[in-house]
Amino acid sequence: MRCLFFAGLIAAGLALGCKAQSPPTATLDSTTIRHIEVLVRSQFNIPQDYSVAVGAGTPSQIPGYETLPITFTRGSHSSTTNFLLSTDGQTLARLETFNLAKDPVFNIDTAGRPIRGNPAAKVTVVNFDDLECPYCARMHQSLFPATLERYKDKVRFIYKDFPLAEVHPWAIHAAVDANCLGAQSSDVYWTYVDYLHAHGQEVSGEDRDPKKSYATLDRIARQEATLGKLDAEKLDACVTKQDETQVLASMKDGDKLGVDSTPSIFVDGEHIVGWVPEEQLWMVIDRALRAAGEVPPPPPPPSAPEPATGAKGAGK
């Protein structure tokens, strides 16, 4: 966790631009400066090849503290992060501010996406999904039907595309075909997604030939369209065109949110990375429901114990 926090410190500093190192403040003696450096290195696991320079303190908006810039440098790259130092030089603190109104986790673009569950529900579960990802398939099976049945009309589910094309060669094609279906019918979109997450091996094939996988994806899409009584000519044109614009835009949205793996779920902004057991997912959804003024459903009854195995009287 501290390594991740240090990465955040570096990213925050770079976002503000690289700054020249400031000379050490005259109010701090060399011993205090050294103690600050050692503490920062140990608390945030600063790699040994980074230099750490303590800058000059300036007035802050926090009573009893001054702003203390600390610069991290490796080679030609440097980043400065502001800490807080008490005026007696005994306490070092780190203060971050966040714009709640503009944080992207609270403003995920779901316009036009197929919805499962109650469209008017107060709680939204957004899943950045990869249709070739086995962990996504496992999460999908947790969401549908168990989670949907548990929450019924209290929650709505929306999928956004985040295919990891470098490891899943047919994932983008699958996302495009799904969107072609979704443009005509949300129900058929979900039927297609259900099928792919349950039959990934069928699409991959024994020889794992992407071209054969593409043909299989298109065949399944056309079958679902026929069953759903969609406009076949319109679907064929969309499938043949393979316009990735919508998929790439969704991936860009994911990048802004820090998504780098799938599944990646946001429950009214609270982020869940990877597959988690249903109980953990439901804890997050229950929190969101309470915050929205809704009463979560009662916890499921405990599972019955497994019957004992083995023949009685064995060994007689």
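Condition first: on the phi > 0 side of the Ramachandran plot and either in contact with a strand residue (DSSP E or B) (Cβ under 9 Å, 6 or more places away or on another chain) or surrounded by 12 or more Cβ atoms within 10 Å (Cβ to Cβ) (or both). Now tell me which residues in segment 228-269 satisfy that.
Correct list: 242, 258, 268, 269.
Taking segment 106-141 as the region of interest, how many residues are free of Cβ contacts under 8 Å to residues at least 40 places away in the same chain and farther than 19 Å from residue 185 by Cα? Talk me through it step by step, then tell me what you get.
Of the residues in segment 106-141, the ones free of Cβ contacts under 8 Å to residues at least 40 places away in the same chain are 107, 111-112, 118-121.
Among the residues that remain, those that are also farther than 19 Å from residue 185 by Cα are: 107, 121.
Counting residues in segment 106-141 that are free of Cβ contacts under 8 Å to residues at least 40 places away in the same chain and farther than 19 Å from residue 185 by Cα gives 2.
Does residue 232 satisfy being without any contact (Cβ under 8 Å) to a residue 40 or more places away in the chain and over 17 Å from residue 184 (Cβ atoms)? Even if it seems obvious, please write down each step before you answer.
Working: without any contact (Cβ under 8 Å) to a residue 40 or more places away in the chain: yes; over 17 Å from residue 184 (Cβ atoms): no.
Considered against the rule, which asks whether it is without any contact (Cβ under 8 Å) to a residue 40 or more places away in the chain and over 17 Å from residue 184 (Cβ atoms), residue 232 comes out as no.
Looking at segment 142-159, I want the residues that are in contact (Cβ under 8 Å) with a residue 24 or more places away in the chain and have a partner that is among the acidic types (Asp, Glu) with Cβ atoms under 7 Å, at least 6 apart or on another chain. Which pairs are those?
From segment 142-159, the pairs are 142/278; 144/194; 146/278; 147/278; 154/294; 159/129.
Here are some conditions: (1) modelled with pLDDT of 90 or more; (2) crowded, with 19+ Cβ neighbours inside 10 Å. Residue 78 meets all but one. Which one does it not meet?
Result: residue 78 passes all but (1).
Would you please name the residue that is modelled with the lowest pLDDT, looking only at residues in segment 40-59 that are part of a helix (DSSP H, G or I), of a type outside the set (D, E, K, R) and surrounded by 12 or more Cβ atoms within 10 Å (Cβ to Cβ)?
At the first step, the residues of segment 40-59 found to be part of a helix (DSSP H, G or I) are 40-43.
Then keep just the ones that are of a type outside the set (D, E, K, R); that gives 40, 42-43.
Still in the running and surrounded by 12 or more Cβ atoms within 10 Å (Cβ to Cβ): 40, 43.
Values: 40: 90, 43: 86.
Out of the qualifying residues, it is 43.
Taking segment 184-225 only, how many residues are among the hydroxyl-bearing types (Ser, Thr, Tyr) and under 21 Å from residue 127 (Cβ atoms)? Break it down stepwise before answering.
Taking segment 184-225 first, the residues among the hydroxyl-bearing types (Ser, Thr, Tyr) are 185-186, 189, 191-192, 195, 204, 213-214, 216.
Those left that are additionally under 21 Å from residue 127 (Cβ atoms): 185-186, 189, 191-192, 195.
So the count comes out to 6.
Restricting attention to segment 43-78, report how many residues are under 19 Å from residue 33 (Cβ atoms) and either within 29 Å of the chain's Cα centre (by Cα) or of a type in the set (A, V, I, L, M) (or both).
Within segment 43-78, the subset under 19 Å from residue 33 (Cβ atoms) is 43-44, 46, 48, 50-58, 60, 65-73, 78.
Pick out the ones that are also either within 29 Å of the chain's Cα centre (by Cα) or of a type in the set (A, V, I, L, M) (or both) and you get 43-44, 46, 52-54, 56, 68, 70, 72, 78.
Final tally of qualifying residues: 11.
Residue under question is residue 100, and the condition is that it be touching a helix residue (DSSP H, G or I) at 6+ places or on another chain (Cβ under 8 Å), modelled with pLDDT of 90 or more and not in a helix (DSSP H, G or I); does it hold?
Working: touching a helix residue (DSSP H, G or I) at 6+ places or on another chain (Cβ under 8 Å): yes; modelled with pLDDT of 90 or more: no; not in a helix (DSSP H, G or I): yes.
So residue 100 does not fit the description; no.
Note down all Cβ pairs under 6 Å where the first residue falls in segment 189-212 and is among the aliphatic types (A, V, I, L, M), the second is crowded, with 19+ Cβ neighbours inside 10 Å and part of a loop (DSSP other than H, G, I, E, B), and they're at least six residues apart or on different chains.
Close Cβ pairs satisfying both conditions: 196/131.
Test residue 207 against the stated conditions and say whether it is surrounded by fewer than 18 Cβ atoms within 10 Å (Cβ to Cβ) and over 29 Å from residue 119 (Cα atoms).
On the way: surrounded by fewer than 18 Cβ atoms within 10 Å (Cβ to Cβ): yes; over 29 Å from residue 119 (Cα atoms): yes.
So residue 207 passes the test.
What are the residues in segment 237-278 that are touching a residue at least 12 places away in the same chain (Cβ under 8 Å), assigned to a helix (DSSP H, G or I) and touching an Asp or Glu at 6+ places or on another chain (Cβ under 9 Å), if any?
Hits for segment 237-278 are 238, 239, 246, 247, 250, 251, 253, 254.
The values are calculated or read from the model by the stated rules, or taken from the named source; none is laboratory data. This one's a predicted model, so the numbers in the text were calculated from it and none came from an experiment. Ideal geometry is used to build each Cβ from the backbone, glycine not excepted, and the neighbour counts take in all protein chains shown.
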